[in-house]
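Written out below as structure tokens is the structure these notes cover.
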Amino acid sequence: MKFSLFSVAVKNLKRKSFRTAVLIISIGLLVSILVFGASFILSVGSSIEKASDRLGADLLVVPSGAVDVASDVLLASKIKVFYMDKDIIQKVEKVKGVGKLTWQTYLASAPGQCCSIPPAEIVAFNQDTDFIVTPWLRKSLRRNLKKNEALIGYNSNKNLGLLNVDSTMFNIKFKFVGVLEKTGTGLDNAIFISDKDLKDIMASSSMAKVKPNQISAIFVKVKKGYNPKDVARNIMNDIMQVDVIQRANIGKRMLSTLGDINKIFLITILMASVLSIFLTWTIFSAIVNERFREIGIMKAIGAKGSHIVKLFVMEVLLLGLIGSLLGTAAGMYLSAFLSKTFALLRDLSATLTLTQRVEVVALGLVVGVGICVIGALSSIIRIKNLEPLSVLKEV
Amino acid sequence: MEQIALQGLAKDYILEGSRITAVQEVSLDIRKGDFICIVGHSGSGKTTLLSMLGCILKPSAGKVFFEGTDVYSLGEDALSEYRARKVGYVFQFASLLPALTAKENLLLPTLFSGMNGGGSAEKRAVDYMELVGLGDKVNAYPGQLSGGQQRRVAIARALMNDPSAILADEPTGDLDEETENEVMNLFKKINRENNITFILVTHSSELARAADRKIKMFQGHVEEIAIGA
């Protein structure tokens with residue numbers, strides 16, 4: 001390396017390798033918490049928003065009191081069932097502003113009793129009216145499902161590898177003939193059948209809790225020029241047995257829970273930041289005290305105040321940058337690791353976009369380096385204005 | 001014409017509420033190429049005077065003219081440049097930066113003065129290391145050098161920016177007799193061949209005998225100026 005102030009800074013840091021390592025690890029730990037927290041909040045928040053957008057319906061009509069359960073099924077891949085009378089479809093169709101609609105019926109698989117597959121949400125959908133499932137099938141299956149054929153969600157296929165395998169569901173053999181593309185919603189973890197198979201299922205197994213003429217949810221697209229909010233109100237006014245969720249409100253409960261987690265992360269990050277600033281301040285005060293003589297010597301042989309400041313700033317920036325890079329990598333790894341083990345993240349298929357990743361990395365670097373600079377600032381200002389001999393005499 | 005002129009130079013310190021006068025009313029002319037020793041008892045003000053000459057300690061009163069420039073009227077940055085380009089300072093203690101090799105310690109003043117371009121500084125550093133007899137220790141760290149060797153590296157460092165004057169505070173203070181003679185011969189050689197002014201603070205009568213002028217300090221005053229050995 002060419003001899004320069006930068007190479008001097010590197011050598012100074014290398015010389016006290018243990019102390020340098022302690023500072024780097026401290027900054028790294030702080031940044032990893034920050035990056036993990038930011039990744040968590042961003043990925044979960046945007047996954048909920050994206051998931052509700054990707055459902056393809058403006059309104060979701062569910063049995064009265066089933067709003068949260070429906071959100072759990074559609075966003076968090078929870079295995080839950082709820083039912084309402086099928087004749088509600090006709091009632092909803094008649095409501096002013098309602099355009100296209102389709103419906104689904106949910107079943108919970110019962111492994112070891114009537115099903116050879118692991119626990120899963122089984123979605124019976126109406127192929128003639130569907131606009132929820134079909135858009136995710138364009139690549140893998142370009143026809144309607146035949147009798148006793150099933151589709152498998154993206155994650156279910158990845159986890160179970162059931163494609164082209166015969167499986168028993170409610171004592172009936174089904175063949176998996178297609179895989180849905182990744183939707184980023186609860187549909188990724190479900191299994192799909194035609195609602196025409198429901199009759200046979202109900203006849204062959206008492207484990208399917210659904211009764212004839214029952215459905216679980218109606219998905220509604222509002223007519224052009226109508227406000228979904230007004231149409232939702234119309235449905236609620238006309239049909240007492242249902243609740244209506246607007247697309248924008250799907251996952252609202254989760255987002256509010258997320259808000260609390262968000263606060264916990266923020267408080268943790270704030271406390272860790274204060275601690276890191278204090279640590280950097282303590283260590284840099286010690287470094288400056290210990291290097292008073294060196295500073296004096298450098299000034300006596302011609303160093304300007306700006307040379308000394310540059311040298312210390314370089315050391316601080318190097319520490320901050322290395323710590324931040326390591327912390328960012330650790331935080332990213334942690335969030336990737338926990339996204340597979342944390343139920344909330346796993347169920348939501350929460351992932352960050354490239355832009356979000358860049359934002360999180362930038363945040364980690366800015367905060368890590370910023371904390372080092374703030375912590376070292378008073379020490380740097382102190383050394384800038386010292387006279388050479390006064391520095392030498394203090395040794 | 002004198003290279004360095006001191007006019008009424010004084011330095012006071014406040015110590016535990018009392019004013020201590022370290023140097024008072026020193027006026028002196030030094031010509032280019034002079035070899036001067038400042039002698040005196042401990043506490044007589046030798047180091048303080050040298051520090052003011054080297055621009056590392058601001059006087060309480062008086063002026064230091066270097067080649068006609070009133071150095072303490074200069075701003076901070078200009079004063080740093082003066083220290084970097086005009087003066088080579090050798091301290092009475094180990095003054096090498098421990099994280100840097102001997103050669104890098106030599107390169108440090110050139111980094112501050114901006115005279116480090118084109119690889120000539122590296123060559124000069126090696127040349128000066130050879131001049132002080134440490135050509136084989138170019139890449140050694142201070143911790144790998146003896147006290148005498150460190151002192152010689154510090155002398156080589158003082159020469160790096162081709163200064164007009166070398167100021168050395170007890171340069172042979174902790175050296176054995178043989179090394180002291182080596183250092184003294186080196187100073188005389190540089191003084192003679194490069195016409196560089198030398199101002200040394202010393203307790204060594206050997207070194208003082210080699211000086212063109214001997215300035216004896218007593219309680220902050222110049223008590224006596226002796227010319228020749």
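The values are calculated or read from the model by the stated rules, or taken from the named source; none is laboratory data. Since this is a predicted model, take the numbers as computed values, not measurements. Heads up, the Cβs are rebuilt from the backbone with ideal geometry, glycines too, and the neighbour counts pull from every protein chain shown.
Hey, can you tell me all the residues within the stretch A:5-16 that are of a type outside the set (Val, Ile, Thr) and either at pLDDT 90 or above or in contact with a helix residue (DSSP H, G or I) (Cβ under 6 Å, 6 or more places away or on another chain) (or both)? Steps first, answer last, please.
Residues of the stretch A:5-16 that are of a type outside the set (Val, Ile, Thr), as a first pass: A:5-7, A:9, A:11-16.
Listed by number, the residues that qualify are A:5, A:6, A:7, A:9, A:11, A:12, A:13, A:14.
Residues in the stretch A:190-226 that are in contact (Cβ under 8 Å) with a residue 12 or more places away in the chain and polar (S, T, N, Q) were compared, and the one that is surrounded by the fewest Cβ atoms within 10 Å (Cβ to Cβ) is A:213.
Check whether at least one residue in the stretch A:186-193 is over 22 Å from residue A:132 (Cα atoms) and of a type in the set (A, V, I, L, M), and report yes or no.
As a first pass, look at the stretch A:186-193 and keep what is over 22 Å from residue A:132 (Cα atoms): none.
The answer is no; no qualifying residue exists.
Residues that are over 15 Å from the mean Cα position of the chain (by Cα) and at the interface with chain A (Cβ under 8 Å from one of its Cβ atoms) within the stretch B:90-111 comprise B:97, B:98, B:99, B:100, B:104, B:107, B:108, B:111, listed in sequence order.
Looking at the structure I just gave you, is residue A:294 touching a Pro at 6+ places or on another chain (Cβ under 9 Å), free of Cβ contacts under 8 Å to residues at least 60 places away in the same chain and among the charged types (D, E, K, R)? Here the answer is yes, as residue A:294 does meet what is asked.
Would you be able to tell me the number of residues in the stretch A:287-304 that are outside any helix (DSSP H, G or I) and within 30 Å of residue A:34 (Cα to Cα)? I'd like the intermediate steps shown before the answer.
Taking the stretch A:287-304 first, the residues outside any helix (DSSP H, G or I) are A:291, A:301-304.
Now restrict to residues that are within 30 Å of residue A:34 (Cα to Cα): none.
Of the residues in the stretch A:287-304, 0 are outside any helix (DSSP H, G or I) and within 30 Å of residue A:34 (Cα to Cα).
Only residues that are outside any loop (DSSP other than H, G, I, E, B) and more than 16 Å from residue A:199 (Cα to Cα) were counted across the stretch A:109-123, and they come to 3.
A quick yes/no check of all residues on (1) surrounded by fewer than 22 Cβ atoms within 10 Å (Cβ to Cβ); (2) within 14 Å of chain A (Cβ to nearest Cβ):
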residue: B:127; (1), (2): yes, no
residue: B:149; (1), (2): yes, no
residue: B:157; (1), (2): no, yes
residue: B:170; (1), (2): yes, yes
residue: B:191; (1), (2): yes, no
residue: B:200; (1), (2): no, no
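Conditions tested, residue by residue: (1) hydrophobic (A, V, I, L, M, F, W, C); (2) touching an Asp or Glu at 6+ places or on another chain (Cβ under 8 Å); (3) not in a loop (DSSP other than H, G, I, E, B).
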position: A:218; (1), (2), (3): yes, no, yes
position: A:244; (1), (2), (3): yes, no, yes
position: A:269; (1), (2), (3): yes, no, yes
position: A:285; (1), (2), (3): no, no, yes
position: A:306; (1), (2), (3): no, yes, yes
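Which of the residues that make up the stretch B:58-89 are more than 10 Å from chain A (Cβ to nearest Cβ) and either more than 28 Å from residue B:6 (Cβ to Cβ) or outside any loop (DSSP other than H, G, I, E, B) (or both)?
Hits for the stretch B:58-89 are B:61, B:62, B:63, B:64, B:65, B:66, B:69, B:70, B:71, B:72, B:73.
Give me the residue from the stretch A:1-48 that is aromatic (Phe, Trp, Tyr) and away from chain B (no Cβ under 14 Å) and, out of that set, farthest from residue A:266 (Cα to Cα). Out of the qualifying residues, it is A:18.
Quick check, is residue B:143 in contact with a Leu (Cβ under 6 Å, 6 or more places away or on another chain) and farther than 27 Å from residue B:82 by Cα? No: the conditions fail for residue B:143. Screening residue B:1 against (1) at pLDDT below 90; (2) touching a Ser or Thr at 6+ places or on another chain (Cβ under 9 Å) leaves a single unmet condition, (2). On the stretch given as the stretch A:278-300, residues that are within 14 Å of chain B (Cβ to nearest Cβ) and surrounded by fewer than 17 Cβ atoms within 10 Å (Cβ to Cβ) total 1. From the list A:354, A:317, the one residue that fits, being surrounded by fewer than 19 Cβ atoms within 10 Å (Cβ to Cβ), out of contact with any Ser or Thr (no Cβ under 9 Å at 6 or more places or on another chain) and at pLDDT 90 or above, is A:317. Within the stretch B:23-64, the set of residues being surrounded by 16 or more Cβ atoms within 10 Å (Cβ to Cβ), within 17 Å of residue B:168 (Cα to Cα) and polar (S, T, N, Q) comprises B:44, B:47, B:48, B:51. Restricting A:275, A:325, A:311 to those that are away from chain B (no Cβ under 14 Å) and crowded, with 16+ Cβ neighbours inside 10 Å reduces the list to A:325.
Hey, any hits in the stretch A:196-206 for a residue that's under 33 Å from the mean Cα position of the chain (by Cα), in the same structural domain as residue A:79 (by TED's automatic domain parsing) and either farther than 20 Å from residue A:103 by Cβ or among the aliphatic types (A, V, I, L, M) (or both)?
Of the residues in the stretch A:196-206, the ones under 33 Å from the mean Cα position of the chain (by Cα) are none.
No: zero hits.
Filtering B:119, B:114, B:133 for residues that are at pLDDT below 90 and either more than 13 Å from every other protein chain (Cβ to nearest Cβ) or crowded, with 20+ Cβ neighbours inside 10 Å (or both) leaves a single hit, B:133. Only one of the numbered conditions (1) in a strand (DSSP E or B); (2) at pLDDT 90 or above is violated by residue B:33, and that is (1).
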